[in-house]
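Undergrad: Quick one: the structure is below, and I'll ask about it shortly.
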């Protein structure tokens with residue numbers, strides 16, 4: 001039997017949660033902390049279709065867009081790659097979702113809250129000093145956090161690697177179980193599922209994942225998507241390295257113009273090869289620097 005597909009592949013995540021809105025409802029209820037009569041009763045997925053040619057496009061976001069029974073709109077994403085412009089892109093999409101609700105002639109009272117729910121397979125705030133796996137952002141006064149402007153724009157960000165470090169194995173909160181499931185779904189067998197998960201909707205999601213993994217067409221598309229994601233990361237890293245090298249060369253040109261250091265010293269200071277610095281010294285760029 002082939003191993004199960006990873007739920008961290010956004011394509012797989014999207015298919016699973018758009019095909020079975022019952023597990024999507026349960027996930028949303030647990031993320032939002034809704035209990036009892038306040039739980040979401042129904043969900044409509046607004047973007048259920050995925051065209052096969054879409055999955056290999058660079059930098060496409062295969063999110064899940066859903067509206068619940070009281071009109072709140074949700075943008076649910078699974079991300080394995082880190083983008084430097086992630087905060088700006090996220091804010092743009094959420095604000096656009098909010099603004100797109102209002103058609104000509106409608107009143108502002110017709111606007112419904114927009115909720116972003118992002119599961120990230122990396123630590124989004126490594127330099128913050130915070131040690132958490134669930135970050136919640138809202139429009140609040142910076143001096144008086146209890147004073148909320150309104151609840152129309154909010155964002156939940158989950159650090160999936162951190163859940164393994166922070167939450168104890170005995171903690172069986174439904175939300176924690178979902179996050180662990182995202183991390184481990186493709187590695188755990190029937191015995192582990194019975195032992196580690198109490199939420200019946202997670203078992204239902206596991207059965208759905210097994211069905212997806214057994215479908216050859218879905219597996220082929222998932223593997224294509226996974227390759228595309230890896231290619232995106234390689235392209236971004238290559239561009240970053242090229243930018244860094246360009247910056248080092250500009251520094252080397254300035255140092256050559258100052259004529260205070262030897263070629264060897266400049267190479268050591270900038271991390272360039274000696275022949276690269278010598279080439280810059282002979283180039284027209286040096287003469288015009």
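Undergrad: What do you get for Rg/Rh of the chain when both radii come from the Cα atoms and Rh is the Kirkwood radius?
TA: For the chain, the value is 1.09.
Undergrad: Moving on to the next point. If N is the number of residues in the stretch 111-225, what value comes out of its Cα radius of gyration divided by 2.2 N^0.38 Å?
TA: Taking N as the residue count of the stretch 111-225, the ratio is 1.32.
Undergrad: Another question, then. In percent, what relative contact order does the stretch 10-214 have, based on Cα pairs under 8 Å that are 6 or more apart in sequence?
TA: For the stretch 10-214, the relative contact order is 18 percent.
Undergrad: Any chance you could list the semi-axes, whole Å, largest first, of the equivalent ellipsoid that the Cα gyration tensor gives for the stretch 48-169, using √(5λ)?
TA: On the way: eigenvalues 134, 102, 34 Å².
In descending order, the three semi-axes are 26, 23, 13 Å.
Undergrad: Please give the calculated 222 nm ellipticity per residue for the chain, where each DSSP H segment of at least 4 residues contributes -39500 (n - 2.57) and the sum is spread over every residue; nearest 500 deg cm²/dmol? Working shown, then result.
TA: Values: 11 runs with 141 residues, N = 289.
Taking each H run of at least 4 residues, the total per residue is -15500 deg cm²/dmol.
Undergrad: Between the helical axis of 86-100 and the dominant principal axis of the chain, each derived from Cα atoms, what acute angle in degrees is found, rounded to the nearest 10?
TA: 50
Undergrad: Points 7 angstrom from Cα along the Cβ direction at residue 141 and residue 111: gap in nanometres?
TA: The answer from the label model is 2.1 nm.
Undergrad: How much length is gained if the chain between residue 44 and residue 88 is pulled fully straight, taking 0.36 nm per residue apart and subtracting their Cα-Cα distance, in nm to one decimal?
TA: 13.2 nm
Undergrad: Can you give the % of DSSP beta bridges in the stretch 10-214 that are antiparallel, to the nearest 5?
TA: Working: 14 of 28 bridges.
Antiparallel bridges make up about 50 percent of those DSSP assigns within the stretch 10-214.
Undergrad: Could you give the length gained by full extension between residue 98 and residue 131, i.e. 0.36 nm per residue of separation minus their alpha carbon distance, to one decimal place?
TA: 8.8 nm
Values in this text are rule-based calculations from the coordinates and carry no lab data. Keep in mind the model is a prediction, meaning the values are calculated, not measured. Note that each Cβ is placed from the backbone with ideal geometry, even for glycine, and that neighbours are counted across all protein chains shown.
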